[in-house]
1. Scan region 302-333 residue by residue and report those that are outside any strand (DSSP E or B) and touching a Leu at 6+ places or on another chain (Cβ under 7 Å).
2. Take region 49-95 and flag every residue that is in contact with a helix residue (DSSP H, G or I) (Cβ under 8 Å, 6 or more places away or on another chain) and among the polar types (S, T, N, Q).
3. Within region 306-321, track down each residue that is over 9 Å from Ala248 (Cα atoms) and among the hydroxyl-bearing types (Ser, Thr, Tyr).
4. From the residues in region 239-260 that are free of Cβ contacts under 8 Å to residues at least 24 places away in the same chain and of a type in the set (Lys, Arg), which one is surrounded by the fewest Cβ atoms within 10 Å (Cβ to Cβ)?
5. How do the pairs read when you match residues in region 101-118 that are in contact (Cβ under 8 Å) with a residue 40 or more places away in the chain and farther than 16 Å from Lys35 by Cβ with residues anywhere that are aromatic (Phe, Trp, Tyr) and in a helix (DSSP H, G or I), using Cβ under 7 Å and keeping only pairs 6 or more apart or on different chains?
6. Any residue at all in region 90-102 that is more than 28 Å from Leu216 (Cα to Cα) and not assigned by TED's automatic domain parsing to the domain that holds Met218?
7. Conditions: (1) without any contact (Cβ under 8 Å) to a residue 40 or more places away in the chain; (2) not in a strand (DSSP E or B). Arg82 meets all but one. Number of the miss?
8. Tell me whether region 139-156 contains one or more residues that are within 17 Å of the chain's Cα centre (by Cα) and not assigned by TED's automatic domain parsing to the domain that holds Asp235.
Amino acid sequence: MAKTSDKSQPKKIVLTLDMGGSKTKAIAQEYPEGKPQVLLMDSEVADVSKASVESIDAEGLPESRVWVGVGGEYYVLGELARRRFKGISQLRELKYELAIPKVCAMIWLVKEKLNLHNDVALYLNILLPPGEVRDKEQLETRLREVFRGFETPAGRMRVKMIRYEVASEGSGVFFHRRRVLDGNTPNSLYVMLGYRNASVFLVMGGVPSRGITCDLGMSWLVNNFVSKVSGLSQDNPNIVGVLVEAGADCNPQLLKKLSRKRKADEIKADGQLMSKALLLARDEYQRAIVRWLRSQMEEDVCEVVFCGGTADYIRYEIDAYFQKEDTRVSWHGGIAIPDIAGSMGNRMADVVALHEHMVLEFDRVTNYKRSQPLFDAPTVKPTSTANTLVEANSSAKKVPNYTPREIPKEFLTMSDKI
């Protein structure tokens with residue numbers, strides 16, 4: 001019998017996506033034994049003409065030239081969209097409405113990263129806010145239509161979707177916690193604080209509820225901060241990084257980096273004004289979060305599980321409040337971030353955990369016996385307490401360490417030199 005060529009048998013790929021408001025975070029691997037890879041793409045999207053994509057340089061890093069053509073419509077994504085085409089994050093749009101070009105773009109990046117042919121077989125997992133999960137059937141129908149063929153810098157791609165799953169934000173952390181606790185999960189409130197929004201769902205008797213979403217993401221705090229100072233735009237891509245670097249004490253020496261003044265004394269004064277504005281914005285933000293969480297709590301909830309990068313940003317205030325309320329807090333479900341995702345830290349916890357859960361589920365369905373853990377154990381131990389459980393009435397004041405870790409070679413990032 002003639003040997004079947006590799007090209008006639010599309011590679012099976014597992015792709016897990018978190019389409020965050022600041023970055024689209026993904027983990028992909030060839031199934032079953034491929035090594036998981038991390039891919040990142042900035043959240044900006046720009047709709048353009050075919051002539052515009054034809055003018056994009058075909059050389060260079062794949063992440064610096066991301067575009068897709070879907071049904072005659074063309075989209076540029078990530079850093080290229082922002083720098084060259086004034087693409088925006090479109091935070092007011094529903095995530096599922098932006099999913100089509102982002103999913104297609106990530107599939108192309110996976111193809112380039114794993115050196116695949118243009119036809120692939122896909123196990124697709126997507127994290128969405130709880131309020132958008134109900135649109136999963138509509139999204140699936142649209143994806144199956146698009147996967148018949150879409151345009152990329154490498155030509156036309158076709159995707160056979162073997163399995164499709166949509167989960168609420170925070171589900172990865174829940175699945176991980178349920179597994180490590182052997183199903184004995186306490187009555188908990190899961191809180192996902194991201195850049196665009198905040199989501200919660202209750203787990204009572206081990207069963208998660210549908211959940212709810214509001215607009216209290218990091219962008220709410222950024223907008224509030226910008227409104228209190230002059231000369232800043234909420235679209236400034238440096239704001240979030242500086243706010244995080246400034247820490248819980250809102251260090252004016254760091255905040256003055258945002259000043260647009262030229263004289264040293266004016267820059268210093270700007271730093272002081274920004275520090276006062278940020279201290280007030282942080283206070284107003286954490287109070288808004290706490291008010292909202294109180295409205296979602298049930299009396300017999302004994303634990304609150306926080307996840308998402310924004311949660312780390314206001315961790316000091318959150319810990320202080322729930323210690324006073326005698327309520328236990330778990331940070332990121334105790335998930336150990338593997339080295340390949342270490343530079344993004346806890347922002348990757350949910351997508352890492354969901355990817356692992358889904359691969360293990362695929363193993364169960366296909367009767368595949370996995371001989372090694374999916375992710376290597378982290379070689380760098382966290383220097384912060386960001387993954388620990390905070391007991392009620394604890395007197396320790398834990399402030400997260402925001403120092404970035406060295407970027408591993410497997411980590412795919414967006415180029416700034418476009």
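1. Gly308, Thr310, Ala311
2. Across region 49-95, the qualifying residues are Ser52, Ser64, Gln90.
3. Thr310, Tyr321
4. Lys257
5. Pairs found: none.
6. Among the residues of region 90-102, not one is more than 28 Å from Leu216 (Cα to Cα) and not assigned by TED's automatic domain parsing to the domain that holds Met218, which makes the answer no.
7. With respect to (1) without any contact (Cβ under 8 Å) to a residue 40 or more places away in the chain; (2) not in a strand (DSSP E or B), Arg82 is out only on (1).
8. Within region 139-156, none of the residues are within 17 Å of the chain's Cα centre (by Cα) and not assigned by TED's automatic domain parsing to the domain that holds Asp235.
The values are calculated or read from the model by the stated rules, or taken from the named source; none is laboratory data. As the structure is a computational prediction, the values presented were derived from the model and not from experiment. Don't worry about glycine lacking a Cβ; one is built from the backbone with ideal geometry, like all the others, and counts go over all protein chains shown.
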